[in-house]
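The values are calculated or read from the model by the stated rules, or taken from the named source; none is laboratory data. Everything quoted here is computed from the prediction, not taken from an experiment. Methodologically, a virtual Cβ is constructed for each residue, glycine included, from the backbone with ideal geometry; neighbour enumeration extends over all protein chains shown. The accessibility values were calculated without ligands, DNA or RNA, using every heavy atom of the protein model including side chains. Shrake-Rupley method; radii C 1.70, N 1.55, O 1.52, S 1.80 Å.
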Amino acid sequence: MHASADEALILDAWQSNAQAWEQAVREGRIESRKLVTDQAIVDAVLAHTPRTVIDVGCGEGWLARTLTALGVKVIGVDVIPALIESARSKGDGDFRVLSYEDMAAGALAERADVVVCNFSLLGQESVDGLLAAMPELLEPGGTLIVQTLHPLLAAEPYADGWREGSWVGCGNGFGQAAPWYFRTLGSWVSAFERAGLSLHGINEPIHPHTGRPASVIFMVGERQGNGDEQASRRSISRHRT
């Protein structure tokens, strides 16, 4: 599947704004992250007491470093080399440059108790492909945790589709913003189901100043019975080769 023009624009925008983003995170410029969503994703991951975590779209690595400091073994993955370089420069850690398409094709031969995607699922085709690969990335009984913009906060219409991005609230130094693909709550659930996953829970962290959801966090696991199907397909594949 070829990435759409909008998918390519996402990568272009993050390549050109990597330094500004790293600075915004390092200086704590983004209010909702500082007040609500950073701690919310840490708490969501730790609630599953993981030994291992794959941080997909790890950026400059703040979440991976936080979890590592708490005794979790973390692999951080991002497609932007400059962000991975920044993550590696801040200390020891396992950080790798891989695209979602790479991961969907099996390039990350690792499994984890938790795979976390923290505001990193922005595309359409790339995200659907990554979700389809989740059963190969999760340990048996593992959990995918996705934090993303709450659909309640998105502009009308309430329908799937590409939206213009914005760096508002991130500080100075940013150029062209990346587009992103909006999904309704129902469409997120359908996307998980198409990938052989099922929704186990939803958190809606509330912003203390607005009283509105600052994000939505999905907890997703492999659909019951799907693990046996996956194992069977892998066994058949090995015997054929």
**Request:** Scan the helices (runs of 4 or more DSSP H) fully inside the stretch 50-130 and keep the ones with 2 or more residues being among the acidic types (Asp, Glu) and open to solvent by 40 Å² or more (accessible area, probe 1.4 Å).
**Result:** 100-104
**Prompt:** Do you know which residues across the stretch 204-218 are among the aliphatic types (A, V, I, L, M) and either open to solvent by less than 10 Å² (accessible area, probe 1.4 Å) or in a loop (DSSP other than H, G, I, E, B) (or both)?
**Reply:** Ala214, Val216, Ile217
**Complete:** If you go through Gly221, Gly201, Gly196, the only one that is within 17 Å of the chain's Cα centre (by Cα) and surrounded by 15 or more Cβ atoms within 10 Å (Cβ to Cβ) is Gly221
**Request:** Starting from the stretch 33-60, keep only residues that are closer than 15 Å to Gly76 by Cβ, then list their pairs with residues that are among the charged types (D, E, K, R) and surrounded by fewer than 17 Cβ atoms within 10 Å (Cβ to Cβ) whose Cβ atoms are within a distance under 8 Å, requiring at least 6 positions of separation or different chains.
**Result:** Thr52/Lys73; Thr52/Arg111; Thr52/Glu139; Val53/Lys73; Ile54/Glu110; Glu60/Arg26; Glu60/Lys90
